[in-house]
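K.L.:
Below is the structure I would like to discuss, written out as structure tokens.
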């Protein structure tokens, strides 16, 4: 793909824990094009945040490869990492704990600018920070404020300004609106979309909220216990949902339509442990369609253009 | 009409460092026998304070119930002596807290925590109590063999089931569920909501379900009250609120939800921020964010008025039930 920005091949991130090895991200491959939003959805503990953090080198990958602009960035030294940070940024879930409480918000935004060495005077730094804060809609009177003086929505705007500071090509948005009330959440989602149209960066949008991910993404990956179970363009995924887990996830969202109660697919039990998982489909234990064949390792296969599913039984199950 | 619980003109304030936080400002609501009332609003709207006021578990100081009545079967709970309240809590009224991770005692087995409630309110000997506690675990879908396990051995969804088992142990007549599924994943949330609905049906419990999630309300409640800055701004049946949302705030809530059925339209957030509860506007608390606000709204606080039987709305500019379809 000429337009490809990020390519991840067979990425793995394991953690050693007393009980064995936690397969947090286990053989995940995908690409993200320039200016695209890839939504990654899954429940807590499925490895979606770990995936985002591993790609931008907040965590070191265990195996597999990461490419940025077709350049292998799986292993980088300190100097290269610093350069990478300008291109890849992250907005965290909790705007309360991801800002330095002792730094005025203006200085929070100035910090990455300073690090870059692109600016030579205080006045230049201040001017650039002002531009950024205007971009994300932070009032001028708040620029000298400390994070505790701001509400969650504004704090998240500061986090976004900080991530944008050096004009990155790629931003991991790790549940950026989950901690916000709906009326505030809508404003932040709109902001992220406007900024993308203006500046053209790609997002990897990690969330557990399917309605948010549907709203904002071009393509969606559904994760379950460290693996992708389904991957498709957004419209296709919602029009032709194939994997039993994706179906269950969709049907579990409480709908605001009171006249058409959704047919809920009841899942048995809860997400199993990612520690020393057995081969075979990891969803099988909870899947209403599971058979003997599901004990075999599953492969992500393309069933129609751009639509990948990892389930050996989809032809029997149907849509 | 048999209103089982009636809250009348409740006002609760918190005093913090010399400032007064107006958390609940003249709230009235009713819950009928066997019905569920959904109380929906954003962070800081006063939802949890109302529930805690009903149980009288607000810490005083800083909290103070300034005025109002809380009538349970005609008896004012606010006038009861503390010794009688001890019988009410966990007996007649039980509460499910939001965070199952902190609502359980980490040093006590889950079975014993249920047993504790049971023996406090009944004359069970230990053996009957333990058997009953085991049955409660089974009721919420946990094998009774797990009686002797500790909370840390359970997952989030399972812990919430234990909390529900505790709340239901003494067949309460009123259940206060404060964001019972907010801390849970959607598939687990679906299981827990199903369970709550089933048990409600089985035991004919009345319930107040507190949440910020309109979807959860749509799936579980017969009646809905929308709360903003400590005041109820609209209330009615589920159909009233979802088919004919009328108050500008209710409409704003619906419009700011990303929609699962419509295609990528731009979201319409509500402009501005909820007001500072230590410094509420003189008139309608929503006026500063409201697109329809007039001079009158800023001067005077609107009263709830009935638009159609049972559908109430506190807004000067809205005299007809709205027409917007839920979520459109």
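K.L.:
Of the numbered conditions (1) away from chain B (no Cβ under 14 Å); (2) over 30 Å from residue A:51 (Cβ atoms), residue A:168 fails exactly one; give the number of that condition.
P.N.:
Going through the list (1) away from chain B (no Cβ under 14 Å); (2) over 30 Å from residue A:51 (Cβ atoms), residue A:168 breaks only (2).
K.L.:
So which residues in region B:7-27 are surrounded by fewer than 17 Cβ atoms within 10 Å (Cβ to Cβ) and either touching a strand residue (DSSP E or B) at 6+ places or on another chain (Cβ under 8 Å) or under 28 Å from residue B:199 (Cβ atoms) (or both), if there are any at all? Break it down into steps so the answer makes sense when it comes.
P.N.:
Here is the first cut: in region B:7-27, the ones surrounded by fewer than 17 Cβ atoms within 10 Å (Cβ to Cβ) are B:8-9, B:15-20.
Hits for region B:7-27 are B:8, B:9, B:15, B:20.
K.L.:
Identify, please: which residue in region A:196-237 is within 11 Å of chain B (Cβ to nearest Cβ), in contact (Cβ under 8 Å) with a residue 12 or more places away in the chain and in a helix (DSSP H, G or I) and is, among those, surrounded by the fewest Cβ atoms within 10 Å (Cβ to Cβ)? Step through it out loud before you land on a result.
P.N.:
So in region A:196-237, the residues within 11 Å of chain B (Cβ to nearest Cβ) come out as A:207-218, A:224, A:234-235.
Narrowing the set further to residues that are in contact (Cβ under 8 Å) with a residue 12 or more places away in the chain leaves A:207-218, A:224, A:234.
With in a helix (DSSP H, G or I) added as a condition, the list becomes A:210-216, A:234.
Numbers: A:210: 22, A:211: 18, A:212: 23, A:213: 23, A:214: 23, A:215: 26, A:216: 24, A:234: 20.
Of everything passing the filter in region A:196-237, A:211 is surrounded by the fewest Cβ atoms within 10 Å (Cβ to Cβ).
K.L.:
What number of residues in region B:211-229 are assigned to a loop (DSSP other than H, G, I, E, B) and over 19 Å from residue B:5 (Cα atoms)?
P.N.:
Step one: of region B:211-229, the residues assigned to a loop (DSSP other than H, G, I, E, B) are B:212-213, B:221-222, B:229.
Retained after the next criterion (residues that are over 19 Å from residue B:5 (Cα atoms)): B:212-213, B:229.
Qualifying residue count for the region: 3.
K.L.:
Could you check residue A:267 against (1) surrounded by fewer than 17 Cβ atoms within 10 Å (Cβ to Cβ); (2) part of a loop (DSSP other than H, G, I, E, B) and say which number it fails?
P.N.:
Looking at each condition in turn, residue A:267 falls short on (1).
K.L.:
Next question, about the same structure. Out of everything in region A:238-255 that is surrounded by 23 or more Cβ atoms within 10 Å (Cβ to Cβ) and part of a loop (DSSP other than H, G, I, E, B), what residue ends up being farthest from the other protein chains (Cβ to nearest Cβ)?
P.N.:
Out of the qualifying residues, it is A:242.
K.L.:
Can you pull out every residue in region B:69-116 that is part of a helix (DSSP H, G or I), within 23 Å of residue B:193 (Cβ to Cβ), in contact (Cβ under 8 Å) with a residue 24 or more places away in the chain and within 23 Å of the chain's Cα centre (by Cα)? First the steps, then the outcome.
P.N.:
So in region B:69-116, the residues part of a helix (DSSP H, G or I) come out as B:77-79, B:82-88, B:100-103, B:110-116.
Checking the rest, the ones that are also within 23 Å of residue B:193 (Cβ to Cβ) come to B:100-103, B:110, B:113-114.
Next, only the ones that are in contact (Cβ under 8 Å) with a residue 24 or more places away in the chain stay: B:100-101, B:103, B:110, B:113-114.
The answer is B:100, B:101, B:103, B:114.
Residue-by-condition table, conditions (1) under 30 Å from residue B:127 (Cβ atoms); (2) surrounded by fewer than 21 Cβ atoms within 10 Å (Cβ to Cβ); (3) under 19 Å from the mean Cα position of the chain (by Cα):
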| residue | (1), (2), (3) |
| --- | --- |
| B:139 | yes, yes, no |
| B:165 | yes, no, yes |
| B:171 | yes, yes, yes |
| B:176 | no, no, yes |
| B:179 | no, yes, yes |
| B:183 | no, yes, yes |
| B:190 | no, no, yes |
| B:195 | yes, yes, yes |
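K.L.:
Here's another thing I want to ask about it. Just wondering, is there one or more residues in region A:138-159 that are in contact with a helix residue (DSSP H, G or I) (Cβ under 9 Å, 6 or more places away or on another chain), exposed (fewer than 15 other Cβ atoms within 10 Å of the Cβ) and under 23 Å from residue A:199 (Cα atoms)?
P.N.:
Yes, because at least one residue in region A:138-159 is in contact with a helix residue (DSSP H, G or I) (Cβ under 9 Å, 6 or more places away or on another chain), exposed (fewer than 15 other Cβ atoms within 10 Å of the Cβ) and under 23 Å from residue A:199 (Cα atoms).
K.L.:
Within region A:274-290, can you find the residues that are free of Cβ contacts under 8 Å to residues at least 40 places away in the same chain, surrounded by 12 or more Cβ atoms within 10 Å (Cβ to Cβ) and part of a loop (DSSP other than H, G, I, E, B)?
P.N.:
A:280, A:281, A:290, listed by residue number.
K.L.:
Across region A:262-283, what is the total count of residues that are at pLDDT below 90 and closer than 20 Å to residue A:27 by Cα? Walk me through how you get there before you give the answer.
P.N.:
Restricting attention to region A:262-283, the residues satisfying the condition of being at pLDDT below 90 are A:262-280.
Remaining after also requiring closer than 20 Å to residue A:27 by Cα: A:271-280.
Number satisfying all stated conditions: 10.
K.L.:
Ok, one more. If you take the residues in region B:201-210 that are in contact with a strand residue (DSSP E or B) (Cβ under 6 Å, 6 or more places away or on another chain) and outside any loop (DSSP other than H, G, I, E, B), which one is farthest from the other protein chains (Cβ to nearest Cβ)?
P.N.:
If we take residues in region B:201-210 being in contact with a strand residue (DSSP E or B) (Cβ under 6 Å, 6 or more places away or on another chain) and outside any loop (DSSP other than H, G, I, E, B), then B:206 is farthest from the other protein chains (Cβ to nearest Cβ).
K.L.:
Among the numbered conditions (1) crowded, with 16+ Cβ neighbours inside 10 Å; (2) part of a loop (DSSP other than H, G, I, E, B), tell me where residue B:249 comes up short.
P.N.:
Every listed condition holds for residue B:249 apart from (2).
K.L.:
Could you pull out the residue among B:214, B:257, B:280 that is in contact (Cβ under 8 Å) with a residue 40 or more places away in the chain, touching a strand residue (DSSP E or B) at 6+ places or on another chain (Cβ under 9 Å) and within 11 Å of chain A (Cβ to nearest Cβ)? It would help to see each step written out before you state the result.
P.N.:
Values: B:257 fails: touching a strand residue (DSSP E or B) at 6+ places or on another chain (Cβ under 9 Å); B:280 fails: within 11 Å of chain A (Cβ to nearest Cβ).
Of the residues listed, the single one that is in contact (Cβ under 8 Å) with a residue 40 or more places away in the chain, touching a strand residue (DSSP E or B) at 6+ places or on another chain (Cβ under 9 Å) and within 11 Å of chain A (Cβ to nearest Cβ) is B:214.
K.L.:
Please go through region B:225-247 and pick out each residue that is in contact with a helix residue (DSSP H, G or I) (Cβ under 9 Å, 6 or more places away or on another chain) and either under 19 Å from residue B:98 (Cα atoms) or more than 12 Å from every other protein chain (Cβ to nearest Cβ) (or both).
P.N.:
The answer is B:225, B:226, B:227, B:230, B:233, B:234, B:235, B:246.
The values are calculated or read from the model by the stated rules, or taken from the named source; none is laboratory data. Quick caveat, the model's predicted, so the values are computed rather than measured. Quick reminder, even Gly has a Cβ in these numbers, built from the backbone with ideal geometry, and neighbours come from all protein chains shown.
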